[in-house]
1. On the accessible surface of the chain, probed at 1.4 Å, how many percent belong to carbon and sulfur atoms?
2. Can you tell me the dipole magnitude for the chain around its Cα centre, using point charges on the Cβ only (Lys, Arg +1; Asp, Glu -1), in Debye to the nearest 20?
3. What residue among Trp267, Leu381, Val255 has its Cα farthest toward the positive end of the dipole of segment 251-393, where the charges are +1 on Lys, Arg and -1 on Asp, Glu, each on the Cβ?
4. Using only the Cα atoms, work out Rg/Rh for the chain, with Rh taken as the Kirkwood radius, to two decimals.
5. Calculate the dipole size of segment 1-147 relative to its Cα centre from +1 charges on Lys and Arg beta carbons and -1 charges on Asp and Glu beta carbons; express the result in debye to the nearest 20.
6. For the chain, what does -39500 (n - 2.57) per DSSP helix run (n ≥ 4), summed and divided by total residues, give at 222 nm, in deg cm²/dmol to the nearest 500?
7. Relative to the Cα centre, what is the charge dipole magnitude of segment 250-393, using +1 at the beta carbon of each Lys and Arg, -1 at the beta carbon of each Asp and Glu, and rounding to the nearest 20 debye?
8. Rounded to whole Å and sorted largest first, list the principal axis extents of the Cα atoms in segment 76-142.
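The values are calculated or read from the model by the stated rules, or taken from the named source; none is laboratory data. Note that the coordinates shown come from a computational prediction; the quantities given were computed from them, not determined experimentally. A quick note on method: Cβ atoms are made from the backbone with ideal geometry, for glycine too, and the neighbour counts reach across all protein chains shown. Heavy atoms of the whole protein, side chains included, go into the accessibility calculation; ligands, DNA and RNA do not. Shrake-Rupley method; radii C 1.70, N 1.55, O 1.52, S 1.80 Å.
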Amino acid sequence: MDVARGVAILGMFVVHVGVGWTLSDGSNPLQPVAAGRSAALFALLAGVSIALMSGGRDRKVNKDLGVALWRVVVRAVIMLALGTALTMLGTPVSVILAYYAVLFVFTCMLLTERWGIIAGAAAVLGVVGPIVSFWVRSLIDAGGTPARVVATVNAYDPFVALADDGVVNFLLTGSYPAITWLPFIFAGLAIGRLDLWDTRVRWRLVALGAGLAAAAYTLSYLAVRVVGVDARLAATVDPDTGAAFGAEGFDQLFVEGMGGTVPTTDWAWLLVTAPHSGTPLDVYGAGGVAIALLGLCLIVTDALGRASWLVYPLASVGALALTTYVGHILVIWLDENSMLDGTPLSFVSEWLSLTVLLGALLFATLWRLVVKRRGPLEWPLHVVSSWVAKRIP
């Protein structure tokens, strides 16, 4: 689990600070691989963690279940506050933590259900969610009453006033809207109800995830590139610029990703798998990759045996996922505001991607070796959520 979470964090480093290498055309080959998929893996693992917190395969009942549920809710409140604070910094990073809070609360609805029901909910919502999102957003874009309702909600939303990222974004229009991201966390919750110690279960996760991803990306490729939907979509208007995407602009979406949703100008947008597009095929593609990666990490780390020290730094980053995530955003903020220039730490800005990567690996590894407890942010999160949850009747 920690190794898989570490992979997700490093994937975010690729997207946010450009960890990787530069090709002759100036591109980073890791960017289109990590974009969207690292965040999906992060969300899937959050669902697995919630499942384990609530008993894993043997679901907790009665008071124990109540404590687990309130731990999730309290964590959601803390994530909302922390995510809003990070968003207020104004970095170019689309902070996921406040969206996590909303996803956590929705997950509580299925905390007592069997894995099959949860998996079914994830599968259905993976298709229905993006379609409903497209339809509702098209009504909003058309103006009239839906647009006025959204404007009114935003006008009174304190999170919009603080960070320009509020309830409407959290549910529908933001970078990680619940309507299209719940399938990831629901899938993780379902997986966490399985016997993850069973090797057969792990291999089935790999097979299922690889199959879903292959099917989703192949279907999208055939529809968009072979049938020729790409030319049709390239001719549509980019809502950010008011001009047509063009062939080059459309292709670039598959490298840089989108803002969490697709334009509502054409229903054919639901066929693309660009990162963060929130389409059914994107959800199934990124979700399939996340499921397969989790299965592979479980298999490989067990197979390493005494050689598990090889992945210890990566596992350490995963164990301190919240700390390293928040830490790298703070470093980006310092760099964006030139606060390190002229100081002994100016090398951080000069070698941002390298220092973020090595800094996270070294700090997390040393913390686990020396301090030997939860990370600087993980520990208080655990203590506060457990203390509050145990005192709620």
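1. The computed percentage sits at 66.
2. 1960 debye
3. Positive-most Cα among the choices belongs to Leu381.
4. Values: Rg = 20.9 Å, Rh = 21.9 Å.
We get a ratio of 0.96 for the chain.
5. Working: 10 positive and 6 negative charges, 92 e Å.
It comes to approximately 440 debye.
6. After summing the helix terms and dividing by residue count, I get -21000 deg cm²/dmol.
7. In debye, rounded to 20, segment 250-393 gives about 1120.
8. 40, 37, 16
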